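Read the structure below first, then the notes.
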Amino acid sequence: MYQIYPRSFQDSDGDGVGDLRGVLARVDHLAELGVHAVWLSPFYPSPLADGGYDISDHTGVDPRLGTPADVRALADALHARGMALLLDLVPCHTSIEHPWFREHPERYVWADAPPNNWRAAFGGPAWSRDGRTGRWYLHSFFPEQPDLDWRRPDVVEAMQGVVRFWLGEGVDGFRVDALDRIAKHPDLIDDPSRTAPFPFPQPPDVAALDQRNSSHWVAGLAEPLEALRSAAGGRFLVGEVYRPTAELGPYLEHLDSAFVFELMFAPWRADAVAAVVERGARLARPSWMLSNHDFSRIGSRIGAHQQRAAAVLLLTLPGTAFIYQGDEIGMLDGPGGDPPEDRHGRDGARHPMQWSADPAGGFTTGTPWLPASDPSMRSVAGQRGHPASVLELYRALIRLRSTLKGGLETVTADPGGLLVYRRGDATVALNLGDGERRADVPGRVVVATAPGVDPARLGPGQGVVACAPG
Ligand code: NOJ
């Protein structure tokens, strides 16, 4: 699967902002890459307090990004090439500018005064005072994103309507946003202090509390998730649940898959990565990702010299793999906007896709909303057809992926950084360490991080997949 952040993928009209027609113009890149589906981050009308995740009309299209007809055209173009289209469903909150906030305030969570110590995911209190009514509303993210009250049948029905609407437009499924926020403790009781640290990044005031009441209220999960499932029928639903792997089970009772965030945040050591992939692989239907629009890119987190090994890992694990746009050409974090576009500091991972070595990377003929990072260093045109490129490695891995069978077996990690595992006939050996390692892999090398890589002398960041048929 391939994640597109539409504002940063391809601009078709020169206004400096990526749009749906831009995506349409680039479907051949996706087909060449060999992905099976595209997940489009939000393109809905939005005041852009949270990069489009603050939606003011869940069944509309932001006119800056296109029209409903463009969504249909994109679905058709992808289907014609054998690919599916997943949209981003954001069921737990709306924009504060959504008409419901004024016309149906009862659909949100209100109190006369902040009733508890809950914190918003980006830091600060999760309750803000509405200037017009003087009452306080709950927001799990920015104050511009009031939480919907999923205990109300009208909220459930409205969101089911959103799902059915887009399925009727030819869409094949959804990535479902922030699902750990769909069910909260009904008595709105305080979150307790944390005794053990949360394993993923959080602002300090959030990290001080255990979000067991403000989110991930397991007793309340089945109903809303079943409602989404019943609206989606058998279509693919992958959940964004910002929780450790061990807590994803109740979500997977209703969803097709859930992201394994542990892979994003594992220290890049063979033992740590081995533990994370073994835990994730036991989920049966994990979705793996190395990067997305919310966090530093994989190459910037672990070092550019390790990003090919990371690509081999991502694309040889059992389950579903998501590639974030630009990772397939080894893009790194950019400097961000000046002033920053995102209040939570996520510009770095949202710089425009680099199609060519032009100063604007072929992204726009205008001024890009975030500057191009380094198109002269890495671009699709600069890498296409070059066997030693990151792009050709991704293509080879995606081709290989469909031939890999079975679960993860015999995972071993040595203290020097060598990670080895098997899937059926295939053995994967990756050097995540800093020194040279020797890997004894049976059979013939079918994909290597670069041409000529020798498993007997794997340098840092190098790796192979070898196959021994029979
Ligand atoms: C997760 C999305 O990926 C992120 O970009 C957004 O800020 C939050 N959910 C809130 O919708």
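Quick note: the coordinates plus some simple rules give every number you see, no bench work behind them. Given the structure is predicted, the values throughout are model-derived calculations rather than measurements. Here the Cβ is made from the backbone with ideal geometry for all residues, glycine too, and neighbour counts use every protein chain on show.
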Given 0.36 nm per residue, what is the gain on full extension from Glu103 to Thr67 after removing their alpha carbon distance, in nm?
10.4 nm
Gyration tensor on Cα atoms of segment 407-470, a ≥ b ≥ c root eigenvalues, a/c under 1.5 rounded, else prolate if a/b beats b/c, else oblate, says oblate
At what distance in angstrom do the alpha carbon centres of segment 142-159 and segment 53-111 lie from each other?
14 Å
What does DSSP give for the chain in terms of the percent of beta bridges that are antiparallel, rounded to the nearest 5?
55 percent
Using only the Cα atoms of segment 126-269, build the gyration tensor, take square roots of its eigenvalues as a ≥ b ≥ c, and label the shape rounded, prolate or oblate: rounded if a/c is under 1.5, else prolate if a/b is larger than b/c, else oblate.
oblate
Net charge of Cβ neighbours under 13 Å - reference Pro460; Lys, Arg +1; Asp, Glu -1:
+2
Magnitude of the Cβ-charge dipole (Lys and Arg +1, Asp and Glu -1) of segment 407-470 about the Cα centre, nearest 20 debye, reported as 120 debye
Going by how many other Cβ atoms sit within 10 Å of their own, how do Arg175, Arg129 line up, fewest first?
Arg129, Arg175
Just to verify a number: FRET efficiency for Asp440 and Arg282, C-beta to C-beta distance, R0 = 41 Å, to 0.05?
0.95
Under a 5 Å amide H to amide H cut-off, with H placed in plane at 1.01 Å, what residues pair with Ala258 once short-range neighbours are removed?
Gly239, Ser287
Among Leu314, Gly361, Gly299, whose Cα sits farthest toward the positive end of the charge dipole of segment 285-389 (+1 at Cβ of Lys/Arg, -1 at Cβ of Asp/Glu, about the Cα centre)?
Leu314
With labels modelled as points extended 7 Å from the Cα through the Cβ direction, what inter-label distance (nm, one decimal) is found for Val27 paired with Asp205?
4.6 nm
Distance between modelled label sites at Ala113 and Asp187, nm, 7 Å Cα→Cβ extension:
2.0 nm
Here the FRET efficiency for Arg164 versus Arg194, based on Cβ atoms and R0 = 60 Å and rounded to 0.05, is 0.90
Out of Ala468, Gly22, Pro6 - ranked by how far each Cα lies towards the positive end of the dipole of the chain, with unit charges on the beta-carbon of charged residues - the top one is Ala468
Given R₀ = 51 Å, FRET efficiency for Asp149-His305 by Cβ-Cβ distance, to 0.05?
0.55
Quick one: net charge around His185, please, counting Lys, Arg +1 and Asp, Glu -1 for every other residue with C-beta under 14 Å from its C-beta.
-3
Farthest toward the dipole's positive end in segment 407-470, which of Leu458, Thr412, Gly424, given Cβ charges of +1 (Lys, Arg) and -1 (Asp, Glu) about the Cα centre?
Gly424
Which of rounded, prolate or oblate describes the chain when judged by the alpha-carbon gyration tensor and an a/c cut-off of 1.5?
prolate
